[in-house]
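Down below is the structure, laid out as structure tokens.
Please treat every number below as a calculation from the coordinates, not as lab data. For clarity, every value in this text was computed on a predicted model and none was experimentally measured. Cβ sites come from the backbone with ideal geometry, for glycine too, and all protein chains shown count toward neighbours.
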Amino acid sequence: MTGISYEKWVSMSDDALAKQVGVFIRHHRLEQNKTQDKVAVAAGISRSTLSLLERGKTVTVATLIQVLRVLDQLQVMDCFEVEQGISPLALAKEEQAKWKRARNTKSNKQEKSDW
């Protein structure tokens, strides 16, 4: 996309972020030499909705996803993937269950008393 770092994203307002999304959409649409009408029809939205998106105005997440799909840009969704990890407490319990140590069994105690 652009060279904007994470720190700059955090400092940007919601409006500025929405405008950056619009710039991204418009850039990729023009790079593919597609008109707003063509992308809008393929995404199942109106041209005016696509125009709103490109100008950084409020649209639904579903609309954004539809446009990203048409522009073959769904790879941006990778940053939303959440890896399911094991909690530290569950990991500790799992490790504790693996621990084994030698213990005296009843048969060992009986052998000692026979001596």
Open item on the list: Two decimals, Cα atoms only, Kirkwood Rh: what is Rg/Rh over region 1-80?
Closed with: 0.96
TODO: Apply 1/(1 + (r/R0)^6) to the Cβ-Cβ distance of residue 104 and residue 82, taking R0 = 41 Å, and write down the FRET efficiency to the nearest 0.05.
DONE: 0.30
TODO: Assign unit charges at the C-beta atoms only (+1 for Lys and Arg, -1 for Asp and Glu), then state the dipole size of region 1-80 relative to its Cα centre in Debye, rounded to the nearest 20.
DONE: 300
Task: R0 of 25 Å, Cβ-Cβ distance residue 94-residue 65: FRET efficiency to nearest 0.05 - done: 0.10
Task: Additional length obtainable on full extension of the chain from residue 7 to residue 58, 0.36 nm per residue less Cα span - done: 16.0 nm
